[in-house]
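Written below as structure tokens is the structure these notes are about.
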Amino acid sequence: MDKPKGLNSLFKEKIFRIPDYQRGYAWQRDQLTAFWEDLVNLAYGRSHYTGVLTLKSIPNKDIREDAREYWLLDDHAYTVFHVVDGQQRLTTVVIFLQAFVDFLKSLPENQKKPESEIFFTDSLSVADIVERFLFKVKRGGDRFRTYKFGYTEDNPSYEYLRFKILGEYGGGAVQETFYTLNLANAKHYFSKQIQAVYETAGIAGLQEIYGKLTKSFLFNEYIIEDEFDVFVAFETMNNRGKRLSDLELLKNRLIYLVTMYGDTELDAAARRSMRETVNEGWKEIYKQLGSNKLKPLNDDDFLKAHWILFYKYSRKTGRDYIRFLLDEKFTPKRIYNKVEREIDWELPEEQRSDLEETDLLPEGEQDESGIDTPTHVQADLSPIEVKNYVLSLKECAGHWFTSFFPDLTSDRSAEERRWLEALNRIGFAYFRPLVMSVLKNVDEEMDRIRVFRGIERFIFVAFRLNAVRANYRSSEFYNLTRALDRGEQNVEYILERLDENLAYAFDEKGCFRTDSFYGILYRKLRDGSGYHGWAGLRYFLYEYEISLLAESRQKKVDWDDLLKQGRDMISIEHIYPQTPVADWEDEFAGVPKEERGRYKGSLGNMLVLSKAINSALQNDTFKNKKYAKFDENGRKVRNGYEDGSHSEIEVSRSLTWGPAEIQERGMRLLLFMEDRWRIPLKDDSVRKHLLYMKPSE
């Protein structure tokens with residue numbers, strides 16, 4: 001390894017490419033801030049060791065003649081290098097330099113000048129910076145850019161970097177993912193920092209940070225010679241502050257394994273095709289996981305869910321899946337340790353004369369030629385196994401995305417989306433892998449919906465009403481995930497198991513056993529929260545709101561609003577307040593003060609609001625709550641119940657709000673719960689019990 005190099009030396013006669021086994025740009029705020037602080041805080045005359053840049057040179061013969069880099073190879077003495085490690089730092093440098101160039105060009109005195117006439121120092125123009133670090137232009141009839149740094153063409157970030165970051169004209173609409181959002185955020189971050197330096201220190205300040213970056217940020221350059229070492233090295237390296245995900249390591253491992261197969265198992269064309277299969281698979285996976293760029297899905301959560309679907313489930317530890325994939329299933333030893341497999345051969349039967357030599361062999365001896373079942377030496381892990389696994393991962397990625405964001409999919413009906421959204425609201429518990437398997441393997445929409453409804457009911461009854469342990473029956477349903485994918489079980493069996501695993505919650509007549517739920521509610525009453533402290537309340541009241549919505553078709557409550565936190569963000573209100581004003585005394589005159597908490601905490605007194613309101617308004621009288629509130633300037637500060645959510649409108653129809661109204665509404669809500677989740681209660685005495693009411697009330 002040579003002594004550390006600055007960027008001026010590092011970029012000389014080199015073209016850097018991020019190879020197909022690498023992830024996209026993963027740096028975010030913490031890593032960008034650390035990079036910037038290293039740069040601006042570096043003392044004059046000092047050097048900053050940035051790390052090792054591990055490269056693999058690509059022979060000129062392996063570069064296609066129609067590649068954009070080809071014209072620079074022989075005549076201009078350039079070499080193409082794959083970046084094995086250090087791509088995050090190198091990408092950051094390039095983004096910084098592009099933001100730097102863009103800022104210089106945006107200055108009023110430079111806006112109408114060509115790059116060659118915009119001088120940053122007496123001898124350094126913007127054109128010099130661009131050609132040294134960003135791209136060279138092939139001139140002549142077919143004019144185009146060749147970038148000094150970029151992704152290989154099959155990487156999802158390839159076009160985004162060219163057209164959205166480096167400013168090439170003509171990109172149009174390009175695919176955006178979580179990784180491209182990181183690219184955009186990095187450029188925005190550096191643009192703002194560069195502007196701040198200029199505003200405080202002028203051109204001299206920009207000259208200083210440019211000099212630090214290009215001369216004082218030093219890299220050790222390490223060239224890997226053996227292609228096999230590339231993949232081994234990649235698995236042992238992590239970029240600063242952002243570890244490689246298991247999904248990224250697995251992609252590298254699979255590409256590595258493809259290179260290990262002998263020509264009898266994969267000829268050159270098949271090996272290239274297999275590598276393209278892996279690349280296309282991961283391209284689709286990353287596209288799906290990052291399609292909602294503001295809410296990207298976790299790589300390793302998906303990989304673990306697919307492991308449950310495709311291979312097996314173990315409850316030993318949360319890391320069993322990657323140990324199985326990297327240490328047991330997709331290992332080099334399963335390829336270079338050849339095994340003999342029995343195969344069927346169609347052997348010719350040679351016709352012999354009447355007197356054969358075998359007739360002369362002593363009794364009990366046989367001619368050894370052709371009597372054993374022929375065998376064939378091949379890898380223990382076949383290429384078709386690798387391919388099938390990759391294709392399954394690729395297909396499942398879309399279903400995984402659908403399970404999280406059904407509202408962003410166009411190939412599902414409103415009814416199916418409604419139940420997937422309900423599962424996201426109530427919380428999937430451990431059922432998301434099973435839902436992914438259902439989306440993948442169940443063709444009939446109504447059958448899928450039946451399973452989703454069954455899962456939602458299971459979660460509500462087991463986890464929200466009875467508060468059973470979080471992993472109750474998890475192994476069984478994880479195993480059903482795989483059985484459904486393999487065609488060993490069907491929808492009817494899944495529904496049967498969902499119902500049978502809830503049998504404990506119902507008596508011999510089919511009525512819901514309330515002991516467990518009753519215990520939860522009365523603990524909540526004692527701590528002063530009542531139903532407001534019940535974990536299932538928001539979901540329950542939202543589902544009730546949705547049931548009222550069906551008649552008017554106008555949605556008035558956003559689920560996201562119900563999740564907002566903060567002292568002044570109220571989404572579930574006590575109609576009869578926890579600290580009521582004196583005007584409430586008339587409605588509760590017949591109830592002793594020590595018993596009024598039962599009504600405050602009862603289900604019928606809980607109301608979902610159409611939007612967050614100021615907590616100072618919660619103690620108002622019922623009459624005031626029914627109507628809109630205005631400040632002294634006549635501006636509305638909150639809606640009244642009569643123009644709020646459908647639940648608020650329903651409540652606003654009451655003339656007063658006291659014990660009778662709370663009980664009546666509570667009974668109505670419990671009847672809704674019985675019908676909605678198929679959990680019949682024995683009689684009104686049980687219902688009153690659950691509402692904190694006395695039998696005589």
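The values are calculated or read from the model by the stated rules, or taken from the named source; none is laboratory data. Bear in mind the structure is a predicted one, so any value in this text is a computation, not a measurement. Positions of Cβ are generated from backbone atoms using ideal geometry, with glycine treated the same way; all protein chains shown enter the neighbour counts. Protein only, heavy atoms only, side chains kept; ligands, DNA and RNA dropped before computing areas. Shrake-Rupley method; radii C 1.70, N 1.55, O 1.52, S 1.80 Å.
Those residues that are closer than 24 Å to TYR70 by Cβ and touching a residue at least 12 places away in the same chain (Cβ under 8 Å), I need them from region 112-140; list them, please.
Scanning region 112-140 gives ALA127, VAL130, ARG132, PHE133, LEU134, PHE135, LYS136, LYS138.
Are any residues in region 1-20 among the aromatic types (Phe, Trp, Tyr) and either over 22 Å from THR152 (Cβ atoms) or part of a loop (DSSP other than H, G, I, E, B) (or both), and if so, which ones?
Applying the first criterion (among the aromatic types (Phe, Trp, Tyr)) to region 1-20 yields 11, 16.
Of everything in region 1-20, just one residue is among the aromatic types (Phe, Trp, Tyr) and either over 22 Å from THR152 (Cβ atoms) or part of a loop (DSSP other than H, G, I, E, B) (or both), namely PHE11.
Specify the residue that is nearest to ARG418 (Cα to Cα); the eligible residues are those in region 437-488 that are among the basic types (Lys, Arg) and open to solvent by 30 Å² or more (accessible area, probe 1.4 Å).
Narrowing region 437-488 to residues among the basic types (Lys, Arg): 440, 448, 450, 453, 457, 464, 469, 473, 482, 486.
Retained after the next criterion (residues that are open to solvent by 30 Å² or more (accessible area, probe 1.4 Å)): 440, 450, 453, 464, 469, 473, 482, 486.
Values: LYS440: 18, ARG450: 12, ARG453: 10, ARG464: 20, ARG469: 27, ARG473: 25, ARG482: 25, ARG486: 27 Å.
Taking the candidates together, the pick is ARG453.
Name, by its number, the condition in (1) open to solvent by 60 Å² or more (accessible area, probe 1.4 Å); (2) modelled with pLDDT of 90 or more that does not hold for ASP142.
(2)
Got a sec? Which helices (runs of 4 or more DSSP H) wholly within region 239-332 have at least 1 residues that are over 20 Å from ARG482 (Cβ atoms), within 21 Å of the chain's Cα centre (by Cα) and not aromatic (Phe, Trp, Tyr)? Walk me through how you get there before you give the answer.
Values: elements: 246-260, 268-289, 299-310, 320-323.
Counting at least 1 such residues, we get 246-260, 268-289, 299-310.
Checking the condition part of a loop (DSSP other than H, G, I, E, B), under 19 Å from VAL651 (Cβ atoms), at pLDDT 90 or above and open to solvent by less than 60 Å² (accessible area, probe 1.4 Å), which residue from TYR599, TYR576, TYR531, TYR544 passes?
Values: TYR599 fails: part of a loop (DSSP other than H, G, I, E, B); TYR531 fails: part of a loop (DSSP other than H, G, I, E, B); TYR544 fails: part of a loop (DSSP other than H, G, I, E, B).
Selected residue: TYR576, the only one of TYR599, TYR576, TYR531, TYR544 that is part of a loop (DSSP other than H, G, I, E, B), under 19 Å from VAL651 (Cβ atoms), at pLDDT 90 or above and open to solvent by less than 60 Å² (accessible area, probe 1.4 Å).
Please enumerate the residues belonging to region 265-317 that are surrounded by fewer than 16 Cβ atoms within 10 Å (Cβ to Cβ) and of a type in the set (Phe, Trp, Tyr).
TYR311
Go through (1) in a helix (DSSP H, G or I); (2) farther than 27 Å from THR402 by Cβ; (3) at pLDDT 90 or above one by one and return the number of the condition GLU221 breaks.
(1)
Restricting attention to region 13-35, does a residue exist that is more than 25 Å from TYR179 (Cβ to Cβ) and out of contact with any strand residue (DSSP E or B) (no Cβ under 9 Å at 6 or more places or on another chain)?
From region 13-35, those more than 25 Å from TYR179 (Cβ to Cβ) are 13; that's our starting set.
Right, trim to out of contact with any strand residue (DSSP E or B) (no Cβ under 9 Å at 6 or more places or on another chain) and you get none.
For region 13-35, residues more than 25 Å from TYR179 (Cβ to Cβ) and out of contact with any strand residue (DSSP E or B) (no Cβ under 9 Å at 6 or more places or on another chain): absent.
Could you list, in sequence order, the residues of region 151-187 that are on the phi > 0 side of the Ramachandran plot and without any contact (Cβ under 8 Å) to a residue 40 or more places away in the chain? Show your work before the answer.
First, the residues of region 151-187 that are on the phi > 0 side of the Ramachandran plot: 167, 170, 172.
Scanning region 151-187 gives GLY170, GLY172.
Keeping to region 318-327, report how many residues are open to solvent by less than 30 Å² (accessible area, probe 1.4 Å) and at pLDDT below 90.
First, the residues of region 318-327 that are open to solvent by less than 30 Å² (accessible area, probe 1.4 Å): 320-322, 324-326.
From what is left, the residues that are at pLDDT below 90 are 320.
Total satisfying the criteria: 1.
Which residues, counting only those in region 415-429, are open to solvent by 20 Å² or more (accessible area, probe 1.4 Å) and within 17 Å of ASN501 (Cβ to Cβ)?
The one that is open to solvent by 20 Å² or more (accessible area, probe 1.4 Å) and within 17 Å of ASN501 (Cβ to Cβ): ALA429.
Tell me which residues, restricted to region 489-507, are open to solvent by less than 10 Å² (accessible area, probe 1.4 Å) and in a helix (DSSP H, G or I).
ILE494, LEU498, ALA505
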